[in-house]
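The values are calculated or read from the model by the stated rules, or taken from the named source; none is laboratory data. All figures in this text were calculated on a predicted structure; none of them were measured in a lab. Cβ placement follows ideal geometry from the backbone for every residue including glycine, while neighbour counts extend to all protein chains displayed.
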Amino acid sequence: MNITFTKTFASVVCIGGMVTATAAFSATDFVQGQMLSAAERSALKPQGTVTIGKHPLTIVKASTADSLDTVVVNSVGAVGISKNVLLISNVPTSKVKTVLQSMAVGSVSTTYYDHMDISRLRFASLQAAVSARDSLSPVLPQATFDVPVQYSVPTAK
Amino acid sequence: MRKINLAKAIGAIGAAVAGLTACGGGGDANSTSATSSIFDSSPTPVVVCPETGPYACKSGATEPLYKLAWHLNAAKSFFAAFSETSDGKTDINVESVHLQGIKGAGVKVLVLDDGMDIAHEDLAVNVDKTMLANFNFADFAHRDPTPTDVDAAHGTNVAGIIAGAQNGIGVMGIAPRATLGAAALIGGKYVNIIDAYGGADWSKNADIISASYGHDAKTPEQFDAGESDDAVALRKLPNLRGGKGLIFVKAAGNEFEQVVGKACLGFGDLQPISCQTTADDTAHLEPVIISTGAVNAKGIKASYSSAGAVNWISGLGGEYGREGQYGEIGSGPMIVSTDLSGCTNGYSRGYSAVPSPQNQFLTAGGATNVKDNPKCNYSQMNGTSAATPTVSGVVALMLSANPKLTWRDVREILRATARHIDPTYVQRESRNVKFDLTTAKATTDSSSTLVDGDTTARLDFGWVKNAAGYSFSNWYGFGLVDAAAAVKMAQSYTVYKDATLTLDAFKAVNTTPVAINYGHVQKIGSFTPAASATSSGKIDMLQLRLSGDVCVGRMGFYVKSPAGTVSVLSTPNNVYADTSNQLTKYGLGSFAFYGEPMTGTWEVYAVSVDGNAHCGDKPRGTTLSNIEYRLIAAK
C-alpha cells in the first residue's frame with residue numbers, strides 16, 4: 001500500500017495513522033492488498049489454483065516451513081494471504097471432533113472454541129485446507145465452512 | 001457546564017442500590033449546587049453514592065488535564081473560548097452520570113489495537129493482566145501488549161479515552177473504573193481473529209471490544225462467501241457474556257475525503273462525497289457491529305469521518321488540532337488522552353516538521369508541554385479511532401448501570417437516546433439538490449424523488465425519518481451518543497431483547513442479467529419477501545450483494561423500502577472508480593429502514609455516472625449478473 005503521509009505525521013494525527021498498513025508479509029515479490037496489472041498477472045508462475053466462494057485463486061507462493069502464509073492472486077488481480085486455515089462453524093465442536101476421529105483430513109493443528117461453536121483447523125497448505133473443506137462439507141451439512149483469505153490488513157483509524 | 005437534568009438526577013438516585021455509602025460532598029461545585037437544589041425542599045434528603053474514596057461521585061474536574069477534555073465537559077473546557085473551532089456545548093453529556101458514581105465499575109473492555117502501555121500511570125490500576133495478548137509473537141509467553149515501537153501509541157490513547165483512571169493525575173476516561181484488557185493486533189504477524197474476538201481465555205470474558213481499526217480494500221471484497229474469519233467470529237459474539245452477547249464497537253473509518261494512497265474523484269460540484277462507504281470494510285455489514293462515526297467540537301461531522309448507511313452512532317473524534325497551544329486554532333481540537341509514557345515515546349515526544357508543526361502541548365520541551373505535560377505521558381488523538389472509545393466508554397457505563405442488557409438492548413438504547421445533531425447539513429453543504437449524472441453539475445431541483453430513467457439524482461438525503469419514526473443519516477447514523485440519556489434508559493430497562501442472531505441465506509432479486517444504462521437512475525430490480533411466521537415482521541438491517549461485470553466505482557446503489565424510505569447504500573465516483581470492472585458478491589447494507597415493516601415490495605436502483613467509456617484499462621462493463629438481498633429481522 002502506498003503511504004502518502006510521513007511516518008511521523010501518521011503517528012500524531014491518527015487518521016493518518018496508516019503506517020501499520022505497511023505490514024507486509026514475508027514474500028518479497030508481493031504485498032498483501034496489492035493490485036497486479038494485467039502484465040504482472042500474465043507473468044505469474046502459478047503454483048496451483050483453488051476456488052473459495054466464487055473466486056478462483058491462483059497460488060503464487062506456497063507456505064513453507066519458515067512462513068505459514070500462502071500468497072494468492074484472485075480473479076481481479078488482488079493479492080491476498082491465506083494462513084491455510086479452515087473454520088467450521090454453526091455446529092457443536094463435539095460433532096466436529098467426532099467426525100475427525102473417524103476421518104483423517106491432515107490438519108497440523110486443531111483448536112476448538114466450544115463456547116462459540118467454532119472449530120479451527122490449520123493445514124500445511126491452502127490446497128489441503130480446501131480439500132478438507134470439500135471432504136467435510138457433505139459429512140457436516142449443517143456446518144458453515146470458511147477458508148479465510150485476507151486482501152487487506154487492519155489499519156488504525 | 002451543561003445543566004444537570006433534575007429528572008435524570010432524581011431517577012438515578014432512585015435507582016441507587018441499598019446500603020450505599022453517603023457521599024461526603026465536595027466534587028464539582030456546580031453539581032453540588034444542583035444536587036442540593038433538588039433536596040432543599042425534601043424533608044428527608046438522602047444523597048447516596050455507590051463509590052467510596054476521594055473521588056466518589058466527583059466529575060473529571062479532579063484531573064489536571066480536565067480543561068482539555070472538551071468531550072467530557074465542553075462548556076468548562078479551554079476550547080469553549082474559541083468559537084471558530086468549538087461551540088462550547090458539544091460533549092458526551094457524561095458528567096451527571098459520573099456525579100451519580102456510575103463510572104464503569106464491573107465492566108471489562110478489551111482494546112484491540114496496536115497495543116497498550118499497561119504500566120501507564122493513568123491506566124495501570126485498571127488493567128486486568130489476564131486480558132492481555134500480543135499478536136506480534138507466536139509464543140503467548142509474550143502477552144504484554146506494551147508497544148516497543150515509539151509510534152505505536154494509538155491503542156494507549158484509545159484506552160485512556162475509555163478508562164483512564166480518576167486519580168488526580170493526567171486525564172480521566174469516560175468509564176474510569178472499567179477494567180481494561182488489550183491486545184496488540186494491528187500489524188501483528190500472528191493474528192488469530194477467533195482468539196481476539198472472544199475465543200481465547202484472555203478475550204472471552206470481555207463485555208465490550210473497542211476496535212479502532214478497519215480495512216481499506218483496494219477492490220470490492222466478497223461478502224459472506226466463505227473466505228472471512230471476521231464474519232465467522234463476529235456472528236458468534238451473541239454467544240458470549242453468558243448469552244447476552246459481547247458488545248463490539250468499531251470505527252466507521254476516516255475515508256470521507258480520501259483513502260490513503262488513492263485519489264477520490266468527488267462529484268463535480270459536490271466535493272467531496274464519501275470516498276469510501278463504511279460497508280466497504282465488510283465487517284461493518286455484520287449487524288452486531290456498532291459502527292461509529294466522528295463528530296468534532298463544533299457539533300458537526302468531523303471532516304474525515306466516513307459516511308455510510310451502516311453507521312449506527314456517532315461519538316466525538318475532533319479534528320486535526322495542529323495549531324495553537326492545545327489545538328484551539330485551525331480545524332479544531334482532538335481528544336486528550338494517555339500517551340506512551342515518556343518523552344521519547346508516543347505522540348507527544350515532539351514533532352516539528354511534517355506536514356505542519358503540532359500544537360505546543362504535544363511538542364516535548366516546549367513551554368506548554370513542560371507546564372502541562374512534563375513527562376509527556378499524555379497526548380491527543382483524532383479520527384473515528386477516537387470517537388469509537390467515546391462510545392465504548394458510554395456502553396461501559398450502561399452495562400455498569402444494568403448488566404442484564406443484551407447486545408441488541410445496547411444498540412437500541414444508543415439509537416433511542418442519540419441526539420439528532422446538525423439537522424440541516426445537506427442545506428449547509430449544498431447537498432440538498434439533484435446532480436446531473438453526466439456533467440456532475442448541481443441542478444436547482446431539490447426534490448427527493450428517485451425516478452427510474454432520470455438523468456439527475458440526489459446523492460445525499462440528509463436526515464431521513466423512516467416509516468417507523470426513526471431518523472437516520474448516513475453521516476451520523478442515528479445521531480450523537482448521549483451518555484446521560486443512555487445510562488438513564490439502561491437503568492429503567494426491564495424488557496430485554498433476544499440476543500440470538502439468525503441470518504437467512506441471500507435471496508435473488510433478479511433472475512436474468514441486468515444491462516446497466518450509465519448516466520441514469522435505473523431500477524435494477526425489486527423483491528417482495530414472504531412473510532415469516534417467526535420474525536417480528538420488522539426490519540433490523542438490509543443487505544445487498546452484487547455480482548457482474550460493471551464499473552462499480554462509477555455506480556451507486558440505492559434501495560427504496562415498501563414504505564417509501566430511500567437509502568443511499570453507496571454513491572457513484574467512489575473509491576473503486578477506475579479500479580474494478582469485475583464484481584463478485586460485493587456487499588452493501590443499510591440501517592435506514594430500521595423498524596419498518598419487511599413486507600411489501602422493495603426496489604433496488606443503480607445510480608451511475610456517464611462520461612468515461614473505460615474502467616481502468618478496460619472497456620466499461622455493462623452487466624450485473626446477480627443481485628441478491630437479505631433482510632435481517634428486528635427482535
| remark: Over the range B:197-220, the set of residues buried (at least 23 other Cβ atoms within 10 Å of the Cβ) and among the hydrophobic types (A, V, I, L, M, F, W, C) is B:Ala206, B:Ile208, B:Ile209, B:Ala211
| field | Every pair of residues 6+ apart whose Cβ atoms lie under 6 Å, when the first sits in the range B:151-176 and is surrounded by fewer than 24 Cβ atoms within 10 Å (Cβ to Cβ) while the second is not in a loop (DSSP other than H, G, I, E, B) | value | B:Asp151/A:Ser11; B:Gly168/B:Thr62
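Do we have any residue at all in the range B:452-461 that's crowded, with 20+ Cβ neighbours inside 10 Å, of a type outside the set (A, V, I, L, M) and in a loop (DSSP other than H, G, I, E, B)?
Initial filter on the range B:452-461 (crowded, with 20+ Cβ neighbours inside 10 Å): B:456-461.
Now narrow it down to the ones that are of a type outside the set (A, V, I, L, M): B:456, B:458, B:460-461.
The next check asks that each one be in a loop (DSSP other than H, G, I, E, B); those that pass are B:460-461.
Among the residues of the range B:452-461, at least one is crowded, with 20+ Cβ neighbours inside 10 Å, of a type outside the set (A, V, I, L, M) and in a loop (DSSP other than H, G, I, E, B), which makes the answer yes.
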| query | Residues in the range A:82-94: is at least one in contact with a Ser or Thr (Cβ under 7 Å, 6 or more places away or on another chain), more than 8 Å from chain B (Cβ to nearest Cβ) and under 17 Å from B:Tyr190 (Cα atoms)? | reply | yes
| task | Considering only the range B:115-132, state which residues are more than 24 Å from the chain's Cα centre (by Cα) and either free of Cβ contacts under 8 Å to residues at least 60 places away in the same chain or outside any loop (DSSP other than H, G, I, E, B) (or both). | result | B:Ala124, B:Val125, B:Asp128, B:Lys129, B:Thr130
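Let's see how each residue does on (1) more than 7 Å from every other protein chain (Cβ to nearest Cβ); (2) modelled with pLDDT of 95 or more; (3) more than 20 Å from the chain's Cα centre (by Cα):
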site: B:Ile194; (1), (2), (3): no, yes, yes
site: B:Ser203; (1), (2), (3): yes, yes, yes
site: B:Ile208; (1), (2), (3): yes, yes, no
site: B:Ala211; (1), (2), (3): yes, yes, no
site: B:Ser228; (1), (2), (3): no, no, yes
site: B:Val232; (1), (2), (3): no, yes, yes
| said: I'd like the full set of residues that are among the small types (Gly, Ala, Ser) and without any contact (Cβ under 8 Å) to a residue 60 or more places away in the chain, limited to the range B:297-323. | reply: B:Ser303
| request: Take the range B:241-263 and flag every residue that is at pLDDT 95 or above, more than 7 Å from chain A (Cβ to nearest Cβ) and either surrounded by 23 or more Cβ atoms within 10 Å (Cβ to Cβ) or assigned to a loop (DSSP other than H, G, I, E, B) (or both). | output: B:Arg241, B:Lys244, B:Gly245, B:Leu246, B:Ile247, B:Phe248, B:Val249, B:Lys250, B:Ala252
| request: Kindly check whether there is at least one residue in the range B:559-582 that is within 14 Å of chain A (Cβ to nearest Cβ), charged (D, E, K, R), closer than 26 Å to A:Val76 by Cβ and touching a residue at least 40 places away in the same chain (Cβ under 8 Å). | output: no
| message | If a residue must be at pLDDT below 95 and among the aliphatic types (A, V, I, L, M), how many such residues does the range B:325-369 contain? | response | 6
| field | Within the range B:125-144, considering residues that are small (Gly, Ala, Ser) and farther than 11 Å from B:Trp202 by Cα, the one surrounded by the most Cβ atoms within 10 Å (Cβ to Cβ) | value | B:Ala138
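B:Thr390 - would you say it is more than 30 Å from B:Asp269 (Cα to Cα), within 14 Å of chain A (Cβ to nearest Cβ) and either surrounded by fewer than 23 Cβ atoms within 10 Å (Cβ to Cβ) or in contact with a Pro (Cβ under 8 Å, 6 or more places away or on another chain) (or both)?
On the way: more than 30 Å from B:Asp269 (Cα to Cα): yes; within 14 Å of chain A (Cβ to nearest Cβ): yes; either surrounded by fewer than 23 Cβ atoms within 10 Å (Cβ to Cβ) or in contact with a Pro (Cβ under 8 Å, 6 or more places away or on another chain) (or both): no.
Taking the combined requirement at face value, the residue does not satisfy it.
Residues that are more than 30 Å from B:Val609 (Cα to Cα): which strands (runs of 3 or more DSSP E) entirely in the range B:332-451 hold 1 or more of them?
Numbers: elements: B:335-338, B:378-381, B:434-436.
The qualifying strands (runs of 3 or more DSSP E) are B:335-338, B:378-381.
Would you confirm, using the coordinates I've provided, whether A:Leu140 is aliphatic (A, V, I, L, M) and in contact with a Ser or Thr (Cβ under 9 Å, 6 or more places away or on another chain)?
Values: aliphatic (A, V, I, L, M): yes; in contact with a Ser or Thr (Cβ under 9 Å, 6 or more places away or on another chain): no.
When the stated conditions are applied, A:Leu140 does not pass them.
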| message | Going by what's in this entry, would B:Ala499 be described as assigned to a loop (DSSP other than H, G, I, E, B) and modelled with pLDDT under 95? | response | no
| note | Apart from one, (1) crowded, with 24+ Cβ neighbours inside 10 Å; (2) of a type outside the set (A, V, I, L, M); (3) under 20 Å from the mean Cα position of the chain (by Cα) all hold for B:Tyr326; the odd one out is (3)
| task | State whether the residues of the range A:133-145 include one that is within 16 Å of the chain's Cα centre (by Cα), more than 8 Å from chain B (Cβ to nearest Cβ) and not basic (Lys, Arg). | result | no
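In the set B:Thr219, B:Thr179, which member is of a type in the set (S, T, N, Q), at negative phi and more than 8 Å from chain A (Cβ to nearest Cβ)? Before you say what the answer is, go through the steps one by one.
Working: B:Thr219 fails: more than 8 Å from chain A (Cβ to nearest Cβ).
Result: B:Thr179 is the single residue among B:Thr219, B:Thr179 that is of a type in the set (S, T, N, Q), at negative phi and more than 8 Å from chain A (Cβ to nearest Cβ).
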